[in-house]
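Right, one structure below, let's go through it.
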Amino acid sequence: MRDQLNADLVKSIKAKDKRRSATLRLINAAIQDRDIDARGKGKENIGDEEILVLLQKMVKQRAESIEIYAKAGRVDLEEQERAEVIIIEHYLPQPLGDEEVAAEITIAIEATGAQSLRDMGKVVGALKAKFPGRIDFGKASKLVKEKLGG
C-alpha cells in the first residue's frame, strides 16, 4: 500500500495535480507519524491494516469538517475537503453493505461463542481482524450490542 501511495504521489507531482499531491503528502505524513509511534512501542512500521484504519479516520475527520464548513457557509473549504475525501477513499477497499455487516456480525457472534455484552469486545475484535477498513465500527458496535441483548 505504501508503494502504491508513493507511486501515485510521483504521478500526481508530474501531472501537476496540486490537490492530489497535497492529499497524498498528508497521508504519507500521517503514516510516518504512526510509524514513529510504532517504533516507540517496539514495532518497526505499521502494516496495511493499520494504514486502512488511518485512512478511514482521515475520511471521517473530513466528513466532520465538511459538515462544519457547510454550516459556516465556507463553500471553498467544504469543496476542498470533499476533494480530499474522494482521493482518500480511492485507497480504501469497498465497504460492506448494511446487510453484509449484519450477517458478518451474526457469524462472528457464533464463531466467538459470545453470549452477553461482556463478550462484545471479542466480536468486534474478530470483525476488525477479518474486515480491516471495510466496516464502520461505530455502527457495527451498536449492532453487536443490540444482538447481544444490550
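The values are calculated or read from the model by the stated rules, or taken from the named source; none is laboratory data. Since this is a predicted model, take the numbers as computed values, not measurements. Don't worry about glycine lacking a Cβ; one is built from the backbone with ideal geometry, like all the others, and counts go over all protein chains shown.
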Which residue, of Glu44, Glu79, Glu50, is part of a helix (DSSP H, G or I), among the charged types (D, E, K, R) and within 26 Å of Leu127 (Cα to Cα)? Glu50
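Whether any residue in the stretch 56-66 is in contact (Cβ under 8 Å) with a residue 60 or more places away in the chain, part of a helix (DSSP H, G or I) and out of contact with any helix residue (DSSP H, G or I) (no Cβ under 7 Å at 6 or more places or on another chain) is what I want to check. Let's see the steps before the verdict.
From the stretch 56-66, those in contact (Cβ under 8 Å) with a residue 60 or more places away in the chain are 56; that's our starting set.
When the remaining residues are screened for being part of a helix (DSSP H, G or I), the result is 56.
Checking the rest, the ones that are also out of contact with any helix residue (DSSP H, G or I) (no Cβ under 7 Å at 6 or more places or on another chain) come to 56.
Checking the stretch 56-66: at least one residue is in contact (Cβ under 8 Å) with a residue 60 or more places away in the chain, part of a helix (DSSP H, G or I) and out of contact with any helix residue (DSSP H, G or I) (no Cβ under 7 Å at 6 or more places or on another chain).
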Only residues in the stretch 1-18 that are modelled with pLDDT of 95 or more count as the first member; pair them with residues that are small (Gly, Ala, Ser), Cβ under 6 angstrom, at least 6 apart or cross-chain, and list the lot. Ser12/Ser21; Ile13/Ser21
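Of all residues in the stretch 68-85, how many are among the acidic types (Asp, Glu) and closer than 14 Å to Ala22 by Cα?
So the first thing to find is which residues in the stretch 68-85 are among the acidic types (Asp, Glu), and the list is 76, 78-79, 81, 84.
Now narrow it down to the ones that are closer than 14 Å to Ala22 by Cα: 81, 84.
Summing the residues that are among the acidic types (Asp, Glu) and closer than 14 Å to Ala22 by Cα in the stretch 68-85 gives 2.
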Matching residues in the stretch 102-116 - criterion: being surrounded by fewer than 19 Cβ atoms within 10 Å (Cβ to Cβ) and touching an Asp or Glu at 6+ places or on another chain (Cβ under 9 Å): Thr112, Gly113
Determine if the stretch 52-62 includes at least one residue that is surrounded by 15 or more Cβ atoms within 10 Å (Cβ to Cβ), among the charged types (D, E, K, R), farther than 22 Å from Arg134 by Cα and not assigned by TED's automatic domain parsing to the domain that holds Phe131. no
Under the condition of being out of contact with any Gly (no Cβ under 9 Å at 6 or more places or on another chain) and loosely packed, with under 14 Cβ neighbours inside 10 Å, which residue from the stretch 87-101 is modelled with the highest pLDDT? His90
